[in-house]
Amino acid sequence: MQTDIDPRTLIGRKAFDREGAKIGTVDEVYLDDATGEPEWAAVRTGLFSRDVFVPLEPSEVVGDALRVPYDRSLIKDAPDFGVGRHLSPEQELQLYHHYGLDVTG
C-alpha cells in the first residue's frame with residue numbers, strides 16, 4: 001500500500017478484484033495497532049450489503065479505485081466480523097490466513 005495516501009481518502013472509493021470486477025465500495029479503513037498504518041479496508045459489497053475485509057498490502061490505489069489482487073470468490077468468502085469495531089489479534093490472524101499472507105509481515 002502506498003503509505004503516503006491518507007486512509008480517509010480511501011473511504012468511498014470503488015474496490016475491484018484482480019480481474020477488474022467490482023467488489024464494492026470502501027466503507028472503513030482499519031489501522032495497525034502497533035504502527036498506525038492502514039492495514040485493512042472494509043468493503044461494502046452489493047450482495048446483502050455485507051462488508052468484507054481486504055488487506056491494503058498488497059492492494060494498490062489505481063486512479064480513483066482500490067485494486068485488490070485477489071479473486072472475487074476469495075474476497076467474498078473472507079471471515080465476517082462486522083464493522084465499526086476493533087479487529088482483535090485473533091480476527092486479524094484469521095484474515096491473514098484467509099488471504100495467505102505472512103503473519104510476521
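The values are calculated or read from the model by the stated rules, or taken from the named source; none is laboratory data. Since we're looking at a predicted model, the values are computed, not measured. When we count neighbours, we look across all protein chains shown, and the Cβ atoms used for this are built from the backbone with ideal geometry, even at glycine. When the accessible area is computed, the model is the full protein with side chains, heavy atoms only, and any ligands, DNA or RNA have been set aside. Shrake-Rupley method; radii C 1.70, N 1.55, O 1.52, S 1.80 Å.
Can you tell me what share of the DSSP beta bridges in segment 7-99 is antiparallel? A percent to the nearest 5 is fine.
Looking only at bridges with both residues in segment 7-99, the antiparallel portion is about 85 percent.
Do the sum for the chain: with -39,500 (n - 2.57) for every DSSP H run of n ≥ 4, divided by all residues, what is the mean residue ellipticity at 222 nm, to the nearest 500 deg cm²/dmol?
-3500 deg cm²/dmol, from helical runs alone.
Run the numbers on the chain and let me know its relative contact order in percent, using alpha-carbon pairs under 8 Å that are six or more apart.
23
If the only charges are +1 at each Lys and Arg Cβ and -1 at each Asp and Glu Cβ, what is the size of the charge dipole of the chain around the Cα centre, to the nearest 20 debye?
560
Per residue, how much accessible area does segment 7-99 show when a 1.4 Å probe rolls over the protein heavy atoms, in square angstrom?
Per residue, segment 7-99 has an accessible area of 53 Å².
Considering the chain as a Gaussian network with a 10 Å cut-off on Cα pairs, which listed residue, Glu57, Glu28, Glu19, attains the greatest mean-square fluctuation?
Of the options given, Glu19 has the highest mean-square fluctuation.
Take the Cα atoms of the chain, find their three principal axes, and give me the spread along each one in whole Å, biggest first.
Largest to smallest, the principal-axis extents are 31, 29, 25 Å.
If you roll a 1.4 Å probe over the chain with all protein chains in place, what percent of the accessible area is carbon or sulfur?
51
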